[in-house]
Amino acid sequence: MSERLQAEVVVIGSGPSGAVVTHTLASAGVDVVCLEQGDWINPSEFPANEPEWELLIQQRWAHDPNVRNGAADYPVEVSDSDMWPVMLSAVGGTSLFYGAEWVRLLPSDFRVRSLDGVAEDWPISYEELKPFHDEVDRFLGVSGVGGDPAYPEGLEYPMPPHPLGKVGMVAAAGMNALGWHWWPGANAIAVDRHKTLERCVRRGTCEWGCPAGAKASFDLIYLPQAIAAGARLVTGARVSRIESGPDGLATGAHWIDRDGGENFVAAKAVVVCANGIGTPRLLLLSAGGAHPDGLANSSGLVGRNLMLHPNCTVTGYYEDDLESWKGPAGETIHSMEFYETRPEHDFVRGGKMNVLPTPGPLAAIEAHRDQPFEEVWGGAFAEVAGRHRSGILWATNSEDLPEETNRVVLDPSLTDGDGLAAPKVEYRIGDNTRRILDFHVARMTEMHEAAGAARTIPVGLWVDQPGHLLGTARMGDDPARSVVDSFGRAHDVPNLFVADGSLFVTGGAANPTATITALALRIARHIVATAAELPTPSGAAA
Amino acid sequence: MNGVRELTAAEREALVAVADVLCGGGALPAPSETRGYAEWLDRALEARADAFDEVVAAALSLDGLSAAGRREALRLMSIDQRPRFHALSSVVAGAWLLVPEIRSALGYPGQIAAPAAFDEAASQLETGILDPVIERGPIYREA
């Protein structure tokens, strides 16, 4: 049955950015509708509630939508990509699967052109964003230790840190032996009950849904408060097109419900929060009279400059029992030692390293799969599986500089379940990023050796991690070189905003969700502050 | 079970034979000697219902081989048919790892609730482990 709604603002996507925008607008008295193609997922449904969770995450709860193939998922064509972007369509978005590592970009990330002569500077600074970071941190109850010397003074956390655990203590001792920076992890995982979050009980499966409801996925925090403030959330609503009128202004959004019904919400403003793949896909799907190449795409940059933060890892196995099944995961500690450009390196920028535990005996087997057969299977099997208690995973997010050839386009033949063109990702890892990855594999191996690892297993690239989808509708002051301005407002369409990871001018190397939400809060505040100045669309939607 | 059919006796036998090659031979009882393995195998197959046909077919393809022949065939499968071997080995070995007796022997309690003591984080930091980092001072780059 078709439905026609009216709102002041429609927000597309209920992940971290959509939740923050929806909450901020609703709390300010704005009539807001949030459209989400996925459904609510109760923490009692997550795989970690079952003993066979390690098998369930291989397909039914896989990170990769092409593997999971759920009712709310759309396929992503990746045959011309070095990596497979991962995401989840659900209320709260991919935050149900993230590790909640709550790390900010560094001040230098906003000025890479000025400092390092590469890419472009952001139109805002760390200092401008900091108050919004601080506000989001307080809302979420982020845990951590203030005073990290990798950051300017003033970075504090509202909640105390999680324990380092045996995993963190051993890894930290190794870093001290090398004299390298490390700091206790910052995580959006509640150490104690906080608003609508429960206390973390270290179940350790944060990246496949927190069964305790302690991780700050945005279905559990921000969205409940947004709904309480009056926001309307529509689930099972796959947006097919942002409508625009003859004057080029956005007039609302069409969505398809689970029964195939076509619906429309008319609005004075549209905020797209569909992630770095879904947002450009939707803008390209919304081409029309005044926007023949896609909505907000006069620059030709919608979909371009995709950055995916390629990850490399080295897992170390130790002689001692480290209780490595225990969470949170979540970063235990992180290191910014090699985050910045150094003259002795053969690359610019760098990586952010962090430690995670290694829960699950089947995961230990998975880590060893590329070892010789006889060293994993048969008589060796139980010993290898038993290493799950003594593992430490060092992982690196690499800075992934923007390249226009890395992009999201509409696939000419692949479609989703509603017949909408699927996104195609064309992405190649650049030489600079390759060198960052190689360098960090070597350093993380040294770090394990310094900490006393008995054996190490490097992985030069995780092709299906992480879900950091960045840069495809980037912000900037120059309409010819960017899609939106520093407040996320489309240069071409003054009542259209983007508020997700698509905004990133450069990727930095820090986990992006903290920055995404700070940007989203800043954008939402701007929308509230300038609501009276919003142009009124002259065209009625179809 | 939901979603997948019951195994025939021959199919079950073939899967257990594969499991014995992949998991047996160590200090712990092989899957065929592990009480309850059959029930956990069903549960593992249900968890990977998407791969049920592939897993069963892969196991049956090794039927009639000696234990040594089966081991060599699996070794070759792990090289030449990686997705197939991944599904097969995940299910039959994953099932063995679900058996409580085996989990206990491996020291795996499952992803249980293990709330931290109120002073655990503070106690660890009070060891002074963070002091060298603090003493080194700021490392951030002025921008």
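From the largest down, the stretch A:366-433 spans 50, 35, 21 angstrom on the principal axes of its Cα atoms.
So, R0 is 25 Å and r is the distance between the beta-carbons of residue A:177 and residue B:119; what FRET efficiency does that work out to, to 0.05?
On the way: r = 26 Å, r/R0 = 1.06.
E between residue A:177 and residue B:119, to the nearest 0.05, is 0.40.
Residue-wise HN-Hα couplings along the stretch A:342-351, as the Karplus relation 6.51 cos²θ - 1.76 cosθ + 1.60 with θ = phi - 60° gives them from phi, are 10, x, 7, 8, 9, 8, 9, 6, x, x Hz; Gly and Pro carry x.
Couplings 3J(HN,Hα) of the stretch A:145-158, computed from phi: 10, x, x, 3, x, 7, 10, x, 4, x, 8, 10, 10, x Hz, in residue order, whole Hz [Karplus 6.51 cos²θ - 1.76 cosθ + 1.60, θ = phi - 60°; x for Gly and Pro]. Per-residue 3J(HN,Hα) values for the stretch B:33-45, derived from phi via the Karplus relation 6.51 cos²θ - 1.76 cosθ + 1.60 with θ = phi - 60°, read 9, 9, 5, x, 4, 4, 5, 6, 5, 4, 5, 5, 5 Hz in sequence order (x marks Gly and Pro).
Label positions at residue B:101 and residue B:43, each projected 7 Å from the Cα along the C-beta direction, are separated by 1.5 nm. Scanning residues 5 or more positions from residue A:6 or on other chains, those with amide H under 5 Å from its amide H are A:266, with H placed 1.01 Å from N in the peptide plane.
Is it possible to state the helix-based mean residue ellipticity at 222 nm for chain B, with each DSSP H run of 4+ residues giving -39500 (n - 2.57), the sum divided by total residues, to the nearest 500 deg cm²/dmol? What is it? Mind showing how you got there, number by number?
Working: 8 runs with 82 residues, N = 143.
My calculation for chain B gives -17000 deg cm²/dmol from helical runs alone.
Close amide H partners of residue A:87, meaning residues 5 or more places away or on another chain with modelled amide H under 5 Å apart, do not exist here. I'd like the FRET efficiency for residue A:463 and residue A:40, computed as 1/(1 + (r/R0)^6) with the beta carbon distance as r and R0 of 30 Å, rounded to 0.05. Efficiency for this residue pair is about 0.50. Database remark: amide H of residue A:76 closer than 5 angstrom to the amide H of A:66 (H placed geometrically; neighbours at sequence offset of 5 or more, or on other chains; Pro and chain starts carry no H). Listed by Cβ neighbour count within 10 Å, with the fewest neighbours leading, A:298, A:143, A:125, A:390 appear as A:125, A:298, A:390, A:143.
Rounded to the nearest 500, what is chain A's calculated 222 nm mean residue ellipticity when only DSSP H runs of at least 4 contribute -39500 (n - 2.57) each, over all residues?
-6500 deg cm²/dmol
Shown here for the stretch B:1-94: GluC sites (Glu not before Pro) in loop regions (DSSP other than H, G, I, E, B) with at most 12 other Cβ atoms within 10 Å, namely B:6. Most simply put, the protein assembly as shown has about 70% antiparallel DSSP beta bridges, counting only bridges with both residues inside it.
Computed extension gain for residue A:262 through residue A:531, at 0.36 nm per residue and net of the alpha carbon distance, reaches 94.0 nm.
How tilted is helix A:431-451 with respect to the longest principal axis of chain A? Cα atoms for both, answer in degrees (0 to 90, nearest 10). Roughly 40 degrees between the two axes.
Listed by chain and number, the lysines whose C-alpha is less than 26 Å from the C-alpha of residue A:352, apart from same-chain residues fewer than 8 away, are A:130, A:166, A:215, A:326.
Quote to one decimal, in nm, the extra length available between residue B:27 and residue B:9 on full extension: 0.36 nm per residue of separation minus the C-alpha distance between them. Walk me through the numbers on the way to the answer.
Details: separation 18, 0.36 × 18 = 6.48 nm, distance 2.76 nm.
3.7 nm is the gain from fully extending residue B:27 to residue B:9.
What's the longest uninterrupted piece of chain A once you rule out the GluC sites (Glu not before Pro) that are loop residues per DSSP with at most 12 other Cβ within 10 Å? Don't skip to the end; give the middle numbers.
Working: sites that count: A:153, A:319, A:344, A:404.
The segment A:154-318 is the longest one with no such site.
What you get for chain A, charging only the Cβ of Lys and Arg (+1) and of Asp and Glu (-1), is a dipole of about 760 debye around the Cα centre. Post the alpha-carbon centroid distance, the stretch A:416-455 to the stretch A:370-388, in whole angstrom. Each part's Cα centre sits 25 Å from the other's.
I need the GluC sites (Glu not before Pro) found in the stretch B:98-143, filtered to DSSP loop residues with at most 14 other beta carbons within 10 Å of theirs. Each step should come with its number before you reach the end.
On the way: sites: B:101, B:120, B:126, B:135, B:142; in loops: B:126, B:142.
The qualifying sites are B:126, B:142.
Read-outs throughout are calculated quantities, based only on the coordinates presented, and are distinct from any laboratory measurement. In this text, all values refer to a predicted model and were calculated from it rather than measured experimentally. Note that we place each Cβ from the backbone using ideal geometry, even for glycine, and neighbour counts take in every protein chain shown.
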